[in-house]
Amino acid sequence: MKIRYFQDTDTLYIELRPALVSETRDLDEDTVIDLDERGAICAMTIEHASERADIPTFSYEQIAA
């Protein structure tokens, strides 16, 4: 997974896994998801991210099964 924040455009891009995008869908005015050929989500783009998420306090934790 890759998470990128573009400060100049206030855009958050979350790539869940590398894949060829076969379809892009608008979830709302500022959120787009990319789907692979099977219809599975492979990425998400969020515009105006600083207004919609707490960008400076991002954390990640992997929980053992």
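The combined condition, being free of Cβ contacts under 8 Å to residues at least 40 places away in the same chain and in contact with a helix residue (DSSP H, G or I) (Cβ under 8 Å, 6 or more places away or on another chain), is fulfilled by residue 11. A single entry from 5, 60 fulfils the requirement of being surrounded by 10 or more Cβ atoms within 10 Å (Cβ to Cβ) and of a type in the set (Phe, Trp, Tyr): 5.
Among the residues of segment 9-57, those identified as surrounded by 10 or more Cβ atoms within 10 Å (Cβ to Cβ), in a loop (DSSP other than H, G, I, E, B) and either modelled with pLDDT under 90 or at positive phi (or both) are 10, 48, 53.
Taking the condition assigned to a strand (DSSP E or B), free of Cβ contacts under 8 Å to residues at least 40 places away in the same chain and aromatic (Phe, Trp, Tyr), does residue 60 pass? No: the conditions fail for residue 60.
The values are calculated or read from the model by the stated rules, or taken from the named source; none is laboratory data. Just so it is clear, the structure is predicted and the values come from calculations on it, not from any experiment. Cβ atoms come from the backbone with ideal geometry, glycine included; neighbour counts cover every protein chain shown.
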